[in-house]
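Notes to accompany the following structure.
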Amino acid sequence: MTSKQDKLAALFRSARIVPVLTIERLEDAVPLARAMVAGGVRTLEVTLRTPVAVEAAKAIIADVPEAIVGIGTILNPDDLARAEALGARFGISPGATPDLLSAAAASRLPFAPGIATASDVMGALAAGFDLVKFFPAEPAGGIKALRALAGPFPQVRFCPTGGIGESNAAAWLAEPNVVAVGGSWLCQAADIKAGNWSGITALCQRAVKSAKAA
Ligand code: 3PG
């Protein structure tokens, strides 16, 4: 378990930004991923929130080899199995259930369960997960809450998401227990719908630059 989590921590630490992609139309998947990769953002979380999500992730894996594709919004063991079967490099969930944690512990897929409270962190640790997604990061207390969680859980590494954007990503990334931040701000629904790929590339470039400075 440790090596699986360490591998994911190393991947997230080198990515620093893990965008949360919600793809409504299959034909947007590849141009969106190409636009993000062109902006220097290669590690992508494709969420299982739309009917085309699995096909979209498969298309990106097949056609955008520079992208490192993970699956997000994994809610149960079936979702986890789907992520593994399509060749995802990692999985992320917004929260955790005992069933999901035990399936993820038994799976080879690197996985970050979602947590929002100390009890959630304890559940994740008991199942062997010391890299977790802090969700929803801003509404659940922001950086103050994260620092408070670092007290009892100094070994835990966090990927906060939820309410993170251009104005606050660098502040989160400056926290020593934050390996990466996630969010949808780099690939908003309106830009995807409009096919504003150059705008998405520009947003990614700006985010990468400010993450490097953080
Ligand atoms: C997630 O799953 O991490 C969130 O939907 C991302 O939150 P955001 O839309 O506030 O960035």
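We did not get these values from a lab; they are worked out from the coordinates using the rules stated. Computed from a prediction, not measured in an experiment: that's the story for all the values here. No Cβ is skipped: glycine too gets one built from the backbone with ideal geometry, and neighbour counts run over all protein chains shown.
Summary of computed values
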read-out	value
Residues satisfying the stated conditions in segment 85-104, i.e. aliphatic (A, V, I, L, M) and assigned to a loop (DSSP other than H, G, I, E, B)	L86, A88, A96
Matching entry among A202, A116, A211, A106 (being crowded, with 20+ Cβ neighbours inside 10 Å and among the aliphatic types (A, V, I, L, M))	A116
For E175: the one exception among (1) touching a Lys or Arg at 6+ places or on another chain (Cβ under 9 Å); (2) among the charged types (D, E, K, R); (3) closer than 18 Å to L32 by Cβ	(3)
Pairs, first over 16 Å from T201 (Cβ atoms) and of a type outside the set (V, I, T) in segment 19-47, second assigned to a strand (DSSP E or B) and away from the ligand (no atom under 15 Å from the Cβ), C-beta under 9 Å, six or more apart	E45/V69
Subset of segment 150-178 (residues that are among the β-branched types (V, I, T) and touching a helix residue (DSSP H, G or I) at 6+ places or on another chain (Cβ under 7 Å))	V156, I164, V178
